[in-house]
Amino acid sequence: MATSKQRAAGRKNIKKAATAAKRKGTLKKLPKRTRTALGRQANKVKRSKARAR
């Protein structure tokens, strides 16, 4: 189990990575299959978070 400090750091890193990807347009350059997979995974996480509430 991660400590609260580690979870906070992880969230911060994800935010940084997301902003960098947006700025660089990384997602646009990925193959369609990968983009679809990423979108599906994001939806899965979103659903599980909504269920947890």
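Restricting the first member to segment 8-21 and to residues that are more than 16 Å from V45 (Cβ to Cβ) and without any contact (Cβ under 8 Å) to a residue 60 or more places away in the chain, and the second to residues that are in a helix (DSSP H, G or I) and not hydrophobic (A, V, I, L, M, F, W, C), the beta-carbon pairs closer than 9 Å and six or more apart or on different chains are A20/T26. The set of residues in segment 1-29 being among the polar types (S, T, N, Q) and assigned to a helix (DSSP H, G or I) consists of S4, Q6, N13, T19, T26.
Taken together, the criteria exclude K49 from residues that are modelled with pLDDT of 95 or more and either touching a Cys at 6+ places or on another chain (Cβ under 7 Å) or exposed (fewer than 10 other Cβ atoms within 10 Å of the Cβ) (or both).
Screening the candidates A20, A42, A9 for the property of being surrounded by 11 or more Cβ atoms within 10 Å (Cβ to Cβ) and under 15 Å from the mean Cα position of the chain (by Cα) yields one hit, A9.
Among the residues of segment 27-43, write down those that are under 17 Å from I14 (Cβ atoms) and at pLDDT below 90. The answer is L27, and nothing else. Scanning segment 30-39 for residues that are over 11 Å from the mean Cα position of the chain (by Cα), in a helix (DSSP H, G or I) and surrounded by 10 or more Cβ atoms within 10 Å (Cβ to Cβ) yields T34, R35, T36, A37.
The values are calculated or read from the model by the stated rules, or taken from the named source; none is laboratory data. Owing to the predicted nature of the structure, the values given are computational and were not obtained by experimental measurement. Using ideal geometry, Cβ is built from the backbone for each residue, glycine included, and neighbour counts are taken over all protein chains shown.
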